[in-house]
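Notes follow the structure.
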Amino acid sequence: MEVEEEFLQNAATMLRFAEEELKQFSTWTGKRSPYSRMAEEIKAKLLTAASDLKSLKKEYGRRPTNGSYGIGQPIVALTGSPTVE
């Protein structure tokens, strides 16, 4: 698994955990507490972030197969020669 794919997987996992933690928070504080509305707003933002992350993962899956972008590319010095990492 490439580091970028691992990042996407870890980010999705963190979003799922955050949503579960907010559900637990809402259970502890009660639906009628003053915190409930804010917790629901955060949960909606997490769902949006999860959707955006899913789109990113899908788009990343469409990248050219002849190489990846970012970290996987060699660093090129100003001379145009690859540097030793």
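The values are calculated or read from the model by the stated rules, or taken from the named source; none is laboratory data. Treat the numbers as computed from the prediction; the structure is a model and nothing was measured. Glycine gets a Cβ as well: all are built from the backbone with ideal geometry, and neighbour counts include every protein chain shown. When the accessible area is computed, the model is the full protein with side chains, heavy atoms only, and any ligands, DNA or RNA have been set aside. Shrake-Rupley method; radii C 1.70, N 1.55, O 1.52, S 1.80 Å.
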Discussion item. How much length would be gained if the chain were fully extended between residue 60 and residue 21, taking 0.36 nm per residue of separation minus their Cα-Cα distance, in nm to one decimal?
Written reply: 11.2 nm
Worksheet entry | residue 1 - accessible surface, heavy atoms, 1.4 Å probe, Å² rounded to 10 | 150 Å²
Practice prompt. With label points built 7 Å along Cα→Cβ from the Cα atoms of residue 28 and residue 40, find their separation and express it in nm.
Written response: 2.1 nm
Practice prompt. Express in Å², to the nearest 10, the accessible area of residue 17 obtained by rolling a 1.4 Å probe over the protein heavy atoms while all chains stay in place.
Written response: 140 Å²
Worksheet, complete the sentence: Filtered hits (lysines, Cα-Cα < 19 Å from residue 23, offset >= 8 within chain) -> 31, 43, 45
Worksheet item: Which distance in nm do the two modelled labels at residue 12 and residue 51 give, with both placed 7 Å along the Cα-to-Cβ direction?
Response: 1.7 nm
